[in-house]
Amino acid sequence: MVKQITAWAALSALVTLSPCAQAFARVLVTGGAGYIGSHTCLELIKAGEEVVVVDNLINAVEESLERVIQLTGCNRKQLQFRKVDLLDRKGLRKVFEEFKFDSCIHFAGLKAVGESVAKPLMYYRNNIEGTLNLVEAMREHGCKKLVFSSSATVYGTPEKLPLDEKSRVGPGITNPYGRTKYMIEEILRDEQVADPTWEILILRYFNPIGAHESGRIGEDPDGIPNNLMPFVAQVAVGRREFLAVFGDDYSTPDGTGVRDYIHVCDLAEGHVAALNKLRKGGVGCEAVNLGTGKGYSVFEVVKAMEAASGKKIPYKVVPRRAGDVEAMYADPSFAKQYLTWSATRGLKEMCEDTWRWQSKNPHGYAPVEAADAGTGGQDIVEIDADGGEVNMASLRNSRIVKEAGKHQSGSSSVAHELK
């Protein structure tokens, strides 16, 4: 027992809490049990905020929030969870009746590019209708400060690089996922014009990777990963046989696609900076790029992960797909000026922290005994045309079994405190 307490004390020492000098109403975080959401909750707790998470757990687990509590050592009233689907208007309104919020960070939404192409109606209904329900509930309860999780996908095929906030958005978007982000941006702009008391920041992410330095929380995709880095990490840890990349004949230094990768903790800190900006007022509705301004190729990511893990990452090059973008990276100067924020971690830290998470948690949040050790197949990773999301084509059926307690999406809401 003493050893266990000492271990948690050591982990908590990695997270230094700032004193809560000013008491704000709570922050609502939708999709807060997910990858970016859980890291943002940790940063919000560090900043002294009181946070309520709503999540349907379709691609997340409550364990991530439990670990945030363990890492921060926060009071359990400071981070509370309600299992609610944003399509459940009644359940969502119950949350607003239970808590007073001054602001909301909106992550919740389906996000797999390939799946959105196969099931577009599901994406339009879930992402757009869910956001409409959220904004209506916020308006009814006088909560009009919103940080929206958008994406570099809204830029479509870049006309020029680097991409700044004045770059063209809308035309050239290659998939329904990206179009839902673009449509939601337009909806939020229209609402703010109709009611100028709204303060809205739209954060356009490029490619979040990495994990918390403790190795306790990180990206835990359900089944086949939808992004490059977790797939590379799973190859390094032995869950996948090899990485297959579409195309090594682009006009880039090594022939592979180039993307702007940003450490998830830098991204989380960007959300805290955005929240602080909203509270100062005078924002209206503004879009901000969150990236590093530096592009890395697929092979650079592979080499960096090999250095971090000490493992060889097998890969196979296959012909590229027509329409893929060869490079996409941000001009982050506006975020530095407007939010007083910039990314500080490089590719080395991104890979080291990813490896620490993956090696400590080879099957993610699932207990080892609950995971199926044999993956039974190999998957192909394809760099997509919309800012680094990837599609996987399974050569044979493959799935890692998550823990029995992982919930699927539903319309009911479950209210309880984290235990």
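The values are calculated or read from the model by the stated rules, or taken from the named source; none is laboratory data. Given the structure is predicted, the values throughout are model-derived calculations rather than measurements. When we count neighbours, we look across all protein chains shown, and the Cβ atoms used for this are built from the backbone with ideal geometry, even at glycine. We work out accessible area using only protein heavy atoms, side chains counted, and drop any ligands, DNA or RNA first. Shrake-Rupley method; radii C 1.70, N 1.55, O 1.52, S 1.80 Å.
Residues in segment 82-95 that are more than 11 Å from Val54 (Cα to Cα) and open to solvent by less than 40 Å² (accessible area, probe 1.4 Å): Asp88 alone. So which residues in segment 321-345 are closer than 16 Å to Leu290 by Cβ, surrounded by 16 or more Cβ atoms within 10 Å (Cβ to Cβ) and out of contact with any helix residue (DSSP H, G or I) (no Cβ under 8 Å at 6 or more places or on another chain), if there are any at all? Residues satisfying the conditions are Tyr329, Asp331, Pro332, Phe334. In segment 233-256, the residues that are of a type in the set (Val, Ile, Thr) reach residues that are assigned to a helix (DSSP H, G or I) and surrounded by fewer than 22 Cβ atoms within 10 Å (Cβ to Cβ) with C-beta atoms within less than 6 angstrom, at least six apart or across chains, in these pairs: Thr256/Phe299.
This table checks each residue for (1) β-branched (Val, Ile, Thr); (2) within 21 Å of Glu66 (Cα to Cα).
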site	(1), (2)
Asp222	no, yes
Asn227	no, no
Gly238	no, no
Tyr250	no, no
Pro253	no, no
Gly257	no, no
Asp260	no, no
Ala268	no, yes
Val272	yes, yes
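Using the structure shown, decide if Leu228 is open to solvent by less than 10 Å² (accessible area, probe 1.4 Å) and under 16 Å from the mean Cα position of the chain (by Cα). Yes.
Among the residues of segment 276-320, those identified as under 22 Å from the mean Cα position of the chain (by Cα), open to solvent by less than 40 Å² (accessible area, probe 1.4 Å) and not aliphatic (A, V, I, L, M) are Cys285, Asn289, Gly291, Gly293, Gly295, Tyr296, Ser297. Selection of first residues in segment 293-309 that are closer than 16 Å to Trp357 by Cβ and of second residues that are open to solvent by 10 Å² or more (accessible area, probe 1.4 Å) and in a loop (DSSP other than H, G, I, E, B), restricted to Cβ pairs under 9 Å at least 6 apart or on distinct chains, gives the following pairs, ordered by first then second residue: Met305/Lys311. Within the option set Glu129, Glu140, Glu98, Glu199, being in contact (Cβ under 8 Å) with a residue 12 or more places away in the chain, crowded, with 17+ Cβ neighbours inside 10 Å and acidic (Asp, Glu) holds for one residue only, Glu199. Checked against the criterion of being open to solvent by 10 Å² or more (accessible area, probe 1.4 Å) and either at pLDDT below 95 or closer than 17 Å to Ser342 by Cα (or both), the candidates Asp266, Asp249 yield just one match: Asp249. Considering segment 104-126, the residues that are small (Gly, Ala, Ser) and open to solvent by less than 60 Å² (accessible area, probe 1.4 Å) include one that is farthest from Leu275 (Cα to Cα), namely Gly114.
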